[in-house]
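Enquirer: Before I ask anything, here is the structure I am working with.
Derivation of every value follows stated rules applied to the coordinates shown; laboratory data play no part. Since the model is a prediction, treat every value here as computed from it, not as a measurement. Cβ coordinates were reconstructed from backbone atoms using ideal geometry, including for glycine residues, and neighbour counts include every protein chain displayed.
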Amino acid sequence: MITLRVSGRLFGLPDASPFVTKAEMLLKLAGLPYATEIGDLRAAPRGKLPWLEDDGVVVPDSTLIRFHIERKYAFDFDKGLLAPERGVAWAVEKLLEDHFYWAMLDARWMNDENFAKGPAQFFSGVPEPARASVMEKARALVATNLKGHGMGRYSQNEIAALAKRALGSVTAILGDRPYLMGERPCGADASVFAFVTGALCPLFTTPLVDLAASRQNLVDYRDRLMGQYFPEMLAT
């Protein structure tokens, strides 16, 4: 039995973490039966979500989960794609995960209003006397990580410009196709769906929402895949 450890349905999204949404999408694309359970970060193999438990094997990290599925279940997420197309798909996946993600993180965690509406919910289980201190330390750690990555060294206008270029690239590659690379989903669609859906989340006040919403093919893509893979979200 496969169990995916998740953070949960929050902010009107399939999961608060785009990496968890990606991992769940991978399981859906591979047609594998699975269950989800809320994960405790203190027990996470690498201190992050998601992680997967598959017949006693623990797999951390959404990309390593993809590799595990490909290896154990002999599933090719990019079946039918030529080598250059596989390269483009992988490049888009990492553009979103290793670059655009940090712009989303900055918008959600470093903006006081967005933090109060969003990530502050992660700390609801912390006893009240200690909650403010724990949240402050968590935000300080995120700020340090943002600076270490490099995104935290840009101004807000510069971050918006970088995010615009990233979303513009995804928009151009997607075009009017139903999935990123054509008529059938590939592995990168798990990431594209997760990050496009996160960028469109109306809970947060950020240029990223406006940027994503201004690209109709991204909105249509989100709606189409949400209805196909997470129809329960449309009823909530």
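Enquirer: Under a cut-off of 17 Å between alpha-carbon atoms, report the aspartates and glutamates in cross-link reach of Lys147, not counting same-chain residues fewer than 8 places apart.
Expert: Result set, ordered by chain and number: Glu97, Asp98, Asp106, Glu136, Glu158.
Enquirer: Please give the calculated 222 nm ellipticity per residue for the chain, where each DSSP H segment of at least 4 residues contributes -39500 (n - 2.57) and the sum is spread over every residue; nearest 500 deg cm²/dmol?
Expert: Estimated from H runs of four or more residues: -17000 deg cm²/dmol.
Enquirer: May I pose another question? Enter the Cα centre distance for the pair region 128-169 and region 1-71, rounded to the nearest angstrom.
Expert: 24 Å
Enquirer: Now, a different point. Can you give the convex hull volume per residue for the Cα atoms of region 111-236, as a whole number of Å³?
Expert: 133 Å³
Enquirer: Among Ala213, Gly125, Ala140, whose Cα lies farthest out toward the positive end of the dipole of region 81-229, if unit charges sit on the beta carbon of Lys, Arg (+1) and Asp, Glu (-1)?
Expert: The residue sitting most towards the positive pole is Ala140.
Enquirer: Which translational diffusion coefficient, to the nearest whole µm²/s, is obtained for region 1-75 from the Stokes-Einstein equation, given a Kirkwood hydrodynamic radius over C-alpha pairs, 20 °C and 1.002 mPa s?
Expert: Answer from the Stokes-Einstein relation: 177 µm²/s.
Enquirer: Net charge within 15 Å of Ile2 by Cβ-Cβ distance, Lys/Arg positive one each and Asp/Glu negative one each, not counting Ile2 itself?
Expert: -1
Enquirer: Now a separate question. For a quick check: with amide H placed at 1.01 Å from N, whose amide H comes under 5 Å from Thr36's, ignoring anything fewer than 5 positions away on the same chain?
Expert: Placed amide hydrogens put Leu4 under 5 Å from Thr36.
Enquirer: Sum up the charges of everything whose Cβ sits under 13 Å from the Cβ of Gly150, counting Lys and Arg as +1 and Asp and Glu as -1, but leave Gly150 out.
Expert: Result for the neighbourhood of Gly150: -1.
Enquirer: Tally Lys/Arg at +1 and Asp/Glu at -1 over every other residue whose Cβ is under 14 Å from the Cβ of Val126; what's the total?
Expert: Within the 14 Å Cβ shell, the charges total +1.
Enquirer: Once you order the gyration tensor axes a ≥ b ≥ c over the Cα atoms, which shape class does the chain get: rounded for a/c under 1.5, otherwise prolate or oblate by comparing a/b with b/c?
Expert: Because a/c hits 1.5 or more and a/b fails to exceed b/c, the chain counts as oblate.
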